[in-house]
Amino acid sequence: PNFRSTYASLSSFSRYEQFLHHNMFVGSINEIIHGKIPLIDTFNPYGILIVVFPALIFSFLPFSYVNFHLYLVAVHFIYYSLLYVLIRQLTRSRLLSWLGLIFVARLIFLRPWTGHDPLSIPNVTSFRFFWDIPLFLALSRFNWLIFPINFLALLYNPETGLALSLATAVFFILKRHYSDLLRLLFTALLAPTAYSVFTWAIVHQLPDWN
């Protein structure tokens, strides 16, 4: 259905531009694998856990551009599987869930107006915005996961984490769960505090949040 995009991706696979947008993640992951600590002696503009999670995995598996690309594929598979569960939860319809999932996949991955693989620019994919669907699932059914997800999202990608925390606050206000607002505020403060305690315990140095 999108031969032009697929062919263009395959034909440019060996070109430098194919991995240009991977480098900002690959460099940080490689440094973490070799012992560096985020916000202490290495830095990634997109967050902490967004590079720590793959670094933990590639501590046991060979690390390369191709394997990182496969990691992105796995992340997207999990993300869209959760999206299907969310749509099924909201619509109670298997047909609508599949149609919604196919529509989103068609919109993201089979775009006739582009000549590159969306995964070649990971910072604009669900690799970066991963925690929105898990949070929406938690808000709709698995309420006990709301605060852990907000905690992880803030450390994974602060921009997304902050947006999700604000969305969660609005949800609590609309539901009049005012006591949960205090728990959410505590979670938002706990995330950077916990990481600061971690780095201090490891190297007796506080992270450079700037």
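The values are calculated or read from the model by the stated rules, or taken from the named source; none is laboratory data. These figures come from a predicted structure and were not determined experimentally. Here the Cβ is made from the backbone with ideal geometry for all residues, glycine too, and neighbour counts use every protein chain on show. With ligands, DNA and RNA removed, areas are computed over all heavy atoms of the protein, side chains included. Shrake-Rupley method; radii C 1.70, N 1.55, O 1.52, S 1.80 Å.
Side notes on the structure shown:
- Within region 174-210, the residues that satisfy the criterion of being open to solvent by 70 Å² or more (accessible area, probe 1.4 Å) and in contact with a Ser or Thr (Cβ under 8 Å, 6 or more places away or on another chain) are Gln205, Leu206.
- Phe60 vs. criteria without any contact (Cβ under 8 Å) to a residue 12 or more places away in the chain, of a type in the set (Phe, Trp, Tyr) and assigned to a loop (DSSP other than H, G, I, E, B): yes
- Taking every residue in region 27-49 that is farther than 15 Å from Phe63 by Cα and pairing it with any residue that is surrounded by fewer than 14 Cβ atoms within 10 Å (Cβ to Cβ), at least 6 positions away or on another chain, the pairs with Cβ-Cβ distances below 7 Å are Ile37/Ile202; Ile37/Val203; Leu39/Asp208; Leu39/Trp209; Ile40/Val203; Ile40/Gln205.
- Region 69-81, subset among the aliphatic types (A, V, I, L, M) and surrounded by 17 or more Cβ atoms within 10 Å (Cβ to Cβ), residue farthest from Asp132 (Cα to Cα): Leu72
- Single residue of region 34-68 satisfying the filter (under 23 Å from Ser126 (Cα atoms) and touching a strand residue (DSSP E or B) at 6+ places or on another chain (Cβ under 8 Å)) that is most open to solvent (accessible area, probe 1.4 Å): Val52
- Of all residues making up region 82-102, the number that are within 15 Å of Asp132 (Cα to Cα) and among the aromatic types (Phe, Trp, Tyr): 1
- Residue match in region 44-61 (condition: at pLDDT below 95, under 13 Å from the mean Cα position of the chain (by Cα) and either farther than 14 Å from Phe129 by Cα or of a type in the set (Gly, Ala, Ser) (or both)): yes
Yes/no per residue for (1) among the small types (Gly, Ala, Ser); (2) surrounded by 14 or more Cβ atoms within 10 Å (Cβ to Cβ); (3) at pLDDT 90 or above:
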{"residue": "Ile87", "(1), (2), (3)": "no, yes, yes"}
{"residue": "Leu95", "(1), (2), (3)": "no, no, yes"}
{"residue": "Leu107", "(1), (2), (3)": "no, no, no"}
{"residue": "Ile133", "(1), (2), (3)": "no, yes, yes"}
{"residue": "Ser140", "(1), (2), (3)": "yes, no, no"}
